[in-house]
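Step one of this worksheet: look at the structure below.
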Amino acid sequence: MLSSGRPVMVYDSGRRQRTGSAGEQIAVKFLEGVGHTVLDRNWRTGHLELDIVSVKEGGIHFVEVKSRVFPMEAEPEANVGPAKQKRLVAAARKWLKMKGCSGMECSFDVVCVVFKDETYSVRYFPEAFIPIFV
């Protein structure tokens with residue numbers, strides 16, 4: 001019984017995983033369509049993760065993909081706040097070190113994929129943030 005009269009949100013990890021996987025597939029196709037070459041997908045080390053690592057015009061792009069199903073409580077890109085940015089930067093540093101790519105220009109991008117009915121939309125935020133941590 002609900003005392004607040006609000007519906008209960010049921011967490012469906014299977015649906016969330018399928019949405020995320022489909023969104024990453026769409027993001028890869030989108031990035032390749034705008035000239036990126038994908039170097040890595042779903043790269044992990046310890047608790048750190050990078051969704052997509054790509055290269056375009058000599059620069060490395062670390063791309064965070066946010067996939068949501070409409071209607072949403074907030075815009076997907078709003079979920080790439082300071083804490084997430086720090087984790088992405090830490091993961092990027094490890095990736096660069098492991099791959100021996102020091103000295104390359106790096107960008108932190110966000111691709112948002114929103115599914116609605118049988119369609120989807122893609123929004124791309126190149127250089128979504130510049131890592132400046134004090």
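Observations, loosely collected:
- Scope the stretch 52-85; condition out of contact with any strand residue (DSSP E or B) (no Cβ under 8 Å at 6 or more places or on another chain) and in a helix (DSSP H, G or I); matching residues: ALA78, PRO82, ALA83
- Failed condition for GLU127, given (1) in contact with a strand residue (DSSP E or B) (Cβ under 9 Å, 6 or more places away or on another chain); (2) part of a loop (DSSP other than H, G, I, E, B): (2)
- If you go through the stretch 107-126 and pick out every residue that is in contact with a Leu (Cβ under 9 Å, 6 or more places away or on another chain) and either modelled with pLDDT under 95 or of a type in the set (Ser, Thr, Tyr) (or both), you end up with 1.
- Those residues of the stretch 86-122 which are of a type outside the set (D, E, K, R), touching an Asp or Glu at 6+ places or on another chain (Cβ under 9 Å) and part of a helix (DSSP H, G or I), in sequence order: LEU88, ALA91, TRP95
- Subset tally (residues that are more than 17 Å from the chain's Cα centre (by Cα) and buried (at least 17 other Cβ atoms within 10 Å of the Cβ)) for the stretch 93-134: 1
- Of all residues making up the stretch 27-53, the number that are under 23 Å from TYR120 (Cβ atoms) and surrounded by 18 or more Cβ atoms within 10 Å (Cβ to Cβ): 8
- Some residue of the stretch 43-59 being under 14 Å from ASP109 (Cβ atoms), of a type in the set (Ser, Thr, Tyr) and touching a helix residue (DSSP H, G or I) at 6+ places or on another chain (Cβ under 8 Å): yes
- Test result for ARG41, at pLDDT 95 or above, touching a strand residue (DSSP E or B) at 6+ places or on another chain (Cβ under 8 Å), of a type outside the set (A, V, I, L, M) and not in a loop (DSSP other than H, G, I, E, B): yes
- Enumeration of residues in the stretch 54-91 that are within 10 Å of the chain's Cα centre (by Cα) and buried (at least 18 other Cβ atoms within 10 Å of the Cβ): PHE62, VAL63, GLU64, VAL65, LYS66, SER67, PRO76, VAL80, LEU88
- Residue match in the stretch 6-21 (condition: basic (Lys, Arg), in a loop (DSSP other than H, G, I, E, B) and at pLDDT below 95): yes
The values are calculated or read from the model by the stated rules, or taken from the named source; none is laboratory data. Because the structure is a prediction, the values reported are computed rather than measured. Using ideal geometry, Cβ is built from the backbone for each residue, glycine included, and neighbour counts are taken over all protein chains shown.
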